[in-house]
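Below you'll find the structure, written out as structure tokens, and then a few comments.
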């Protein structure tokens, strides 16, 4: 089947309706998604923004921001605050982990906090892609948060016992 080119407005409307429907279905289903909020964009940096809050294993909540820019969907989650100790070791660990992540990477964000970020073309946004984005975000946080926090906050951070 051939590719259909959509106008920018049509593409935006399709992405918005896809995310809204996916979020509503996921929230109603038995899933780690516990809250959805659509944020108003007033600074003209994007056209639509969603905040998705998931229950995490290592963190109480993993908050995923989806931001629709012109023809792309940007996604990010704050992974951890700026490291207080062992900055070189923390950054080395996270940079090495980047090689194993799918369409996401660790990056600096506001206040030198560490974020997981990624971006996909709007044409790729569908239920499967949203499942992948949410699943990878939660998996990467749960997999790497304990090691990074132990390095960054020695003597303060304690890994949670595994739930039964």
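The values are calculated or read from the model by the stated rules, or taken from the named source; none is laboratory data. A quick note: this is a predicted structure, and the numbers were derived from the prediction, not measured. A quick note on method: Cβ atoms are made from the backbone with ideal geometry, for glycine too, and the neighbour counts reach across all protein chains shown.
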*Which of the residues spanning the range 76-107 are loosely packed, with under 13 Cβ neighbours inside 10 Å and within 14 Å of the chain's Cα centre (by Cα)?*
102
*Search the range 42-53 for residues that are at pLDDT 70 or above and pair each with any residue that is in a loop (DSSP other than H, G, I, E, B) when their beta-carbon atoms are under 6 Å apart and the residues are at least 6 apart or on different chains.*
49/41
*Which pairs do you get when a residue that is within 11 Å of residue 18 (Cα to Cα), found in the range 121-141, comes within reach of a residue that is in a helix (DSSP H, G or I), reach meaning Cβ atoms under 6 angstrom, with the pair 6+ apart or on two chains?*
122/11; 122/15; 125/15; 125/18; 127/22; 130/22
*Which condition number does residue 67 fail, the rest of (1) modelled with pLDDT of 90 or more; (2) surrounded by 16 or more Cβ atoms within 10 Å (Cβ to Cβ); (3) in contact with a helix residue (DSSP H, G or I) (Cβ under 7 Å, 6 or more places away or on another chain) being met?*
(3)
*Take the range 99-144 and flag every residue that is on the phi > 0 side of the Ramachandran plot and part of a helix (DSSP H, G or I).*
111, 112
